[in-house]
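Below is one structure, written out as structure tokens, with a few remarks after it.
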Amino acid sequence: MSSVLYEHPLNERIRNYLKLEQLFAQAKQCAPENITTNHFVFFHALFAIFDTLERNDIRGELIKDLEKLEQHLVVWSKSPEINSSALDENLKQVVSLVCQLRGNQPPWASLRHDKFLATVKQRFAIQGGTSTFDLPQLHYWLHQSPEKVGNDTAQWFKQLEELEQSISLVMKFLRQKSEFEQIDTDSGFYQDNGEGLLLLRIKINSQSEYYPTVSGNRFRYSIRFMRPCDKDGRKYANEAMKFELAKC
């Protein structure tokens, strides 16, 4: 039976990683041949990535997380039950990414000086500012050949490649830290100790008519299940229910 997966971060660092993951996914779903109809989603996601990088020390946090992951991989390599080839591949990738991120300038720094992106980003910050008469430069670019558009978008993503790969690697190992376990609650509410946790992963049957809301931090967290409500927007689900939870 299919299920819906909800993920909730328990600190700001993981929150930013999840946000960037989603933004990369949104931007990459916009194929060059369909860019005239989905360009708003594409540029909105791309500029949100830029803003997240400018407001947070993502590079510094990733370097720390990758260095910790490197230490863990070295320790795991001594286990006789480990898949040596897979571990070695991940270890090489970690070392390579750390070296690239440690450079004087982050790999994506050149995107800040891209005149076309800077012009478009400025107008995207204005409500309704992306009309063709406000952004003829963008209108011109949208009607270039799919090859030209594809080359440009590929070049932009190339500058962000190390960032995307680093987040993907860190989150992959974080998600693997815990298996899902079934939780039963008789009141639509669950809470537990969050010490040492970074991420909650909640699976709910896709046929269920409720969804989780999470509050908490690295010390303690609570999960309250809600139902959609036409009158008030949402309401508490107070009955007994089951869900799966992975505490990472």
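The values are calculated or read from the model by the stated rules, or taken from the named source; none is laboratory data. Not measured: the values here are computed from a predicted model. Cβ: placed from backbone, ideal geometry, glycine included. Neighbour counts: every protein chain shown.
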### Task
Report, by residue number, each residue of the range 71-91 that is over 15 Å from F173 (Cα atoms) and assigned to a helix (DSSP H, G or I).
S84, S85
### Query
Give me the pairs: first residue in the range 207-231 and outside any strand (DSSP E or B), second residue polar (S, T, N, Q), beta-carbon distance under 7 Å, and six or more apart or on different chains, which are they?
R218/N11
### Query
Among (1) surrounded by 14 or more Cβ atoms within 10 Å (Cβ to Cβ); (2) more than 17 Å from E179 (Cβ to Cβ); (3) out of contact with any Gly (no Cβ under 6 Å at 6 or more places or on another chain), which single condition is S206 missing?
(1)
### Task
Identify all residues within the range 96-123 that are over 22 Å from H44 (Cβ atoms), surrounded by 14 or more Cβ atoms within 10 Å (Cβ to Cβ) and hydrophobic (A, V, I, L, M, F, W, C); write none if there are none.
L97, V98, L101
### Task
Would you be able to say whether some residue in the range 123-139 is at pLDDT below 90 and assigned to a helix (DSSP H, G or I)?
yes
#### Entry: Unique match (being within 24 Å of the chain's Cα centre (by Cα), hydroxyl-bearing (S, T, Y) and within 20 Å of V4 (Cα to Cα)) among S222, S168
S222
### Query
Name the pairs whose Cβ atoms lie under 6 Å apart, with the first residue in the range 161-176 and surrounded by 14 or more Cβ atoms within 10 Å (Cβ to Cβ), the second hydroxyl-bearing (S, T, Y), and 6 or more positions between them or separate chains?
I167/Y17; M171/Y17
### Task
With respect to Q176, determine if the residue is closer than 30 Å to A118 by Cβ and out of contact with any strand residue (DSSP E or B) (no Cβ under 8 Å at 6 or more places or on another chain).
no
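Of these, L163, L197, L169, which one is under 21 Å from L18 (Cβ atoms) and out of contact with any helix residue (DSSP H, G or I) (no Cβ under 8 Å at 6 or more places or on another chain)?
Checking each option against the conditions leaves just L197.
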### Message
It is to be established whether one or more residues within the range 24-46 are at pLDDT 95 or above, in a helix (DSSP H, G or I) and touching a Pro at 6+ places or on another chain (Cβ under 6 Å).
### Response
no
